[in-house]
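Just below is one structure, and these are the notes that go with it.
What follows is calculated from the coordinates using simple rules that are stated; it is not laboratory data. Please read all numbers here as calculations on a predicted model, not as lab measurements. All Cβ positions, glycine included, derive from the backbone under ideal geometry; neighbour counts span all protein chains shown.
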Amino acid sequence: MPKKHNWHKETAMIHEGYDSKEHQGSLAVPLYQTATYVFDSAEQGERRFAGEESGNIYSRLGNPTVRVLEERIAKMEEGAGGLAFASGMAAVSAVLVHVTKANDHVVCSRGIYGCTFGLLKIMEEKYNITHTLTSMRTEEEIEKAVTDETTCIYVETPINPTMELVDLQAVSNVAKRHGLRVIVDNTFCSPYIQTPLTFGADFVLHSATKYLNGHGDVIAGLLVGKDQEEMQKIRSTVQKDFGGVISPFDAWLLLRGIKTLPVRMDRHSSNARILFDYLKKHPKIEEVFYPFDDQHPQYEIAEKQMKTGGGLISFTIKGGKEEAQKFLNSLSLVKLAVSLGDAETLMQHPATMTHSGVPKAERDKMGVTDSLLRLSVGLEHMDDIMADLEQAFNAI
């Protein structure tokens, strides 16, 4: 097992969980592209299956490349243990299955990813696990949503795609008073910008497809918890039996992407800040939503729990669905695509894309209107991004 260090986060993203001396001196983490492992003896296989001896058994249960990734993300999020999954939704599903049972209740931030909303509907229809969406503006508002059946509070912050913020400390205060677990989707920020466990959350998860990978070529999810034994329980039950594990190759790609996360996030954030100033003054835009806008009603929360504003901006275009789609269809450099966190600048229409599965009444409550667009600011030169946006604005 590699030695633990008190490195700064930027250093841990390159080195945590790996000792080249244990891998024939390889500087890069080796790709262990294998499904199973050979035992020295039948007795060794028995001991490993019984949990009496550590070691590899089968890559659904553990893999050396994946193990480095899990240790690295745990360190980055200041947690005790990490688990890697085949997608962000596999991570969401695993932790929600772990903390709930039939007839329980979940309190959720008002805006959540469309597929997370879909999962909650499935849980309600099949197991009567109900949920309440609330804006979580105050501790009192969160408290009102808690019932005798509530078992956990599920939070996105910033919220997808409206960029509303949730005060993580306030959520944790309420959770402690009621003995509830707190789960935070930290995809929009990455652990470079925000570490929810330090504000009292029990679990933090990521669609690692996004900023952690950063290159648009991996589908993956990560989950970190503050209790090592509990994370091991999730590994040996929900993850093992549901089987939504990451492939060694995708884990290897993620490890490569994470090495440059701090540099990329600084560039995403600085580009977004410049673009925010441009969009805020544009005559064809009604509103712009960005966490580090000093006019944002929750700016104090952003300053308290986020290092920078990140690379995502949402805005409402003057008009409606027709104008929004005409604008999107006029883009050239900026790519019309869902997802976020890639080197390329991406834009999408949440109401008809990522949140199309959410009923319109719920979308309206979330603020996901037909005129809302979500922009993931990439790493290109800002002059080129703005020139493309400007020509698209001129087309409407």
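Only Cα sites of the stretch 116-226 enter the Debye sum here, all with the same form factor; the resulting log10 I(q)/I(0) across q = 0.19 1/Å is -1.06, listed in q order. Once R0 is set to 30 Å, what does the formula 1/(1 + (r/R0)^6) return for the Cβ-Cβ distance between LYS240 and TYR127, expressed as a FRET efficiency to the nearest 0.05? My answer for the efficiency is 0.90.
Run through all the Cα pairs of the chain and give the fraction in each 20 Å bin from 0, expressed as whole percent. For the chain, the binned pair fractions read 28, 56, 16, 1 percent. From the cross-link list LYS101/LYS304; LYS210/LYS321; LYS121/LYS240; LYS176/LYS307, which pairs have alpha carbons spaced over 32 Å apart? Those over the limit are LYS101/LYS304. Each residue of the stretch 73-82 was assigned a 3J(HN,Hα) from its phi angle through the Karplus expression (A = 6.51, B = -1.76, C = 1.60, θ = phi - 60°), giving 5, 4, 5, 4, 8, 6, x, 9, x, x Hz with x at Gly and Pro. Label point of SER26 set 7 angstrom out along Cα-Cβ; within the stretch 221-263, amide nitrogens under 14 Å from it belong to 248-256. Each of ALA91, GLY45, LEU212 was placed along the dipole of the chain (beta-carbon charges, centred on the mean Cα), and the one lying farthest toward the positive end is GLY45. With the simple model of a label 7 Å out from the Cα in the direction of the Cβ, SER54 to GLU362 spans 4.2 nm. Among GLY79, GLY221, GLY357, the residue with the largest mean-square fluctuation in a Gaussian network model of the chain, with springs joining Cα atoms closer than 10 Å, is GLY357.
Stretching GLU303 away from MET386 to a fully extended chain increases their span by 27.2 nm, per 0.36 nm per residue minus the current alpha-carbon distance.
The Cα center of the stretch 41-93 and the Cα center of the stretch 5-40 differ in position by 13 Å.
Go ahead and estimate [θ] at 222 nm for the chain from helices alone: -39,500 (n - 2.57) per DSSP H run with n ≥ 4, summed, over the residue count, rounded to 500.
Mean residue ellipticity, 222 nm, calculated: -11000 deg cm²/dmol.
Taking only the Cα atoms of the stretch 262-394, the ratio Rg/Rh comes out at 0.95, with Rh defined as the Kirkwood radius. Distances between placed amide hydrogens fall under 5 Å for GLU156 paired with SER109, ASP185, all partners being 5 or more residues away or on another chain.
Between the Cα long axis of helix 261-280 and the first principal axis of the chain there is an angle of about 10°, rounded to the nearest 10. How much of the DSSP bridge set in the chain is antiparallel, in percent, rounded to the nearest 5? Percent antiparallel among DSSP bridges in the chain is about 55.
If R0 equals 56 Å, the separation of the Cβ atoms of LEU336 and SER41 corresponds to a calculated FRET efficiency of about 0.45.
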